[in-house]
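A short worksheet on the structure shown next.
The values are calculated or read from the model by the stated rules, or taken from the named source; none is laboratory data. Model, not experiment: these values are computed from the prediction. Virtual Cβ from ideal backbone geometry, glycine too; neighbours counted across all protein chains shown.
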Amino acid sequence: MAKLVEKTSRYARSDAAFARARKLMPGGVNSPVRAYRAVGRDPVTITHGKGAIVTDVDGNDYVDYVGSYGPLILGHAPEAVAAALTKTIDKGWTFGMPTELETQLAELVIELVPSVEVVRFVNSGTEAAMSAIRLARAATGRGKIIKCTGCYHGHTDALLVQAGSGATTLGTPSSPGVPASLTADTLLVPYNDLDAVRAAMQAHAGDIACMAVEPVAGNMGCVPPAEGYLQGLRDLCDEFGVLLLFDEVMTGFRVNLGGAQKLYGVTPDLTCLGKVVGGGLPCAAYGGREDLMRQVSPDGPVYQAGTLSGNPLAMAAGLATLQVLRDTDAYLSLELTACDLATGLRTAAAQAGVPVQVTRVGSMLGVFFADAPVRNYEQALTCRADRFAAFFNAMLDEGVMLAPSAFEAWFVSTAHDAACLETTLAAAEKAFAAAGTIR
Ligand code: HOZ
């Protein structure tokens, strides 16, 4: 189909492909932010990816920092994962019966993630967060939860309140269709604000099941925790008998082999994992203290299930990915590349005279078009989305693929090499200049 389209522009075949898709699916996509509306254009349509590069239907190559929104820490189609998938697929790919691959991945996750003593695999981060909250409520016998504005824990009803990611990008941080009764027990606090958490816990003492937080916020751009914030949350939770839930869907195996909890030395009661844990296949997990996790069905009464949960392909991809991360110097290489990228971006922005705040934790980055440091959602919202849009479009034209949102993180993979950085920073010089023309 794509080959029949006459090439009138760099994106002609993508435009044709998307016109067809738009007739068939809401916004032409299967996840809203992919529609590029926040950057004022239609998306390119991808044919394949290898290493750090994705290629579109027009044959354009891009250095990719989307990385499927986080899972692809080894880049696209890494050999170790491809080999594991090939080996597994020949044996069948779903049984609705236990396999040894599930046990192997469970063993590795439990070995690597400090808080996880027992784990349950699910299919998406949304499912993991929803299930962990249900467990927290059941275990405490309490109904209320605390979440931070701008944090995103998937699109389940009770958590889709002042949510980051696509919800913020598209201007619907709290969605219609979510009854007020389902969010009445969700208390909101600003990220990085311990006083607000204390006040909420005092005001609702004895009623709060858990405090849910992204230990590094990655869905309002990348916002690192202030020094002492995560330990402060741990202490407050202990003081008020509230469970601490780290949503490490984005940070798990990304900022450190043991996740943000290992990096910052703070152990939550429950942890959600996703993205890297499935090596790019639909897979997520929740886990934590054994006494809590044993309350999950069938060991306990807290019901949660899934036909494709723990399916062999996802388990094999996750296992192969984690083994590479464990057995190589991947995190050193990620750290060096991401550090050079962040430094280069700051330099390029300064040369263009455009104020930006470049944030970074390991291989997660944020570029805020803002004058002052960003520590929470309110501050993230002050960033110049119009300048981001100009920057994004110029980067795309220069062969660099970013998430089409000022509120998503950039992800570096082990496949990003010096040539990728050179391309990126050369593009960034032009793109910051383009952003600077927006007054
Ligand atoms: N958690 C993902 C990154 N914010 C969501 C990506 C999406 O909404 O498609």
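Observations on the structure shown:
- Considering the range 145-156, the residues that are under 20 Å from Ala200 (Cα atoms) and of a type in the set (Ser, Thr, Tyr) include one that is nearest to the ligand (Cβ to nearest atom), namely Tyr152.
- Test: residue in the range 130-144 that is closer than 17 Å to Val249 by Cα, within 15 Å of the ligand (Cβ to nearest atom) and touching a strand residue (DSSP E or B) at 6+ places or on another chain (Cβ under 7 Å): no
- Hits in the range 33-83 - residues which are farther than 30 Å from Gly171 by Cβ, surrounded by fewer than 23 Cβ atoms within 10 Å (Cβ to Cβ) and among the hydrophobic types (A, V, I, L, M, F, W, C): Ile53, Ala77, Ala80, Ala82, Ala83
- Some residue of the range 418-427 being within 24 Å of Ala167 (Cα to Cα), part of a helix (DSSP H, G or I) and modelled with pLDDT of 95 or more: no
- Residues of the range 46-98 that turn out to be within 16 Å of the ligand (Cβ to nearest atom), in a loop (DSSP other than H, G, I, E, B) and either of a type in the set (Asp, Glu) or more than 28 Å from Ala305 (Cβ to Cβ) (or both), as a count: 4
- Leu345 under 19 Å from the mean Cα position of the chain (by Cα) and either part of a helix (DSSP H, G or I) or of a type in the set (Asp, Glu) (or both): no
- One residue from Ala415, Ala433, Ala403 being more than 16 Å from the ligand (Cβ to nearest atom), surrounded by 21 or more Cβ atoms within 10 Å (Cβ to Cβ) and either in contact (Cβ under 8 Å) with a residue 60 or more places away in the chain or hydrophobic (A, V, I, L, M, F, W, C) (or both): Ala415
- Unique match (being farther than 22 Å from Gly70 by Cα and in contact (Cβ under 8 Å) with a residue 24 or more places away in the chain) among Ala128, Ala136: Ala136
- Residue count for the range 35-44 satisfying the condition of being more than 14 Å from the ligand (Cβ to nearest atom) and in contact (Cβ under 8 Å) with a residue 40 or more places away in the chain: 4.
- In the range 269-289, of all residues being more than 19 Å from Ser363 (Cβ to Cβ) and touching an Asp or Glu at 6+ places or on another chain (Cβ under 8 Å), the one that is surrounded by the fewest Cβ atoms within 10 Å (Cβ to Cβ) corresponds to Arg289.
- Hits in the range 328-340 (condition: buried (at least 21 other Cβ atoms within 10 Å of the Cβ) and over 19 Å from the mean Cα position of the chain (by Cα)): Thr337
- Residue match in the range 290-308 (condition: buried (at least 23 other Cβ atoms within 10 Å of the Cβ) and either closer than 24 Å to Ser413 by Cα or charged (D, E, K, R) (or both)): no
- In the range 299-319, the residues that are in a loop (DSSP other than H, G, I, E, B) and closer than 20 Å to Thr271 by Cα: Asp299, Gly300, Pro301, Tyr303, Gln304, Ala305, Gly306, Ser309, Gly310
- Some residue of the range 260-273 being in a helix (DSSP H, G or I), within 15 Å of the ligand (Cβ to nearest atom) and of a type in the set (D, E, K, R): no
- Applying the condition of being over 14 Å from Val66 (Cα atoms) and of a type in the set (A, V, I, L, M, F, W, C) to the range 22-34 and asking which residue is nearest to the ligand (Cβ to nearest atom) yields Val29.
- Test: Ala370 is on the phi < 0 side of the Ramachandran plot, more than 16 Å from the ligand (Cβ to nearest atom) and touching a Cys at 6+ places or on another chain (Cβ under 8 Å): yes
- Considering residues of the range 352-371 that are free of Cβ contacts under 8 Å to residues at least 40 places away in the same chain and assigned to a loop (DSSP other than H, G, I, E, B) only, the residue farthest from Ser413 (Cα to Cα): Asp371
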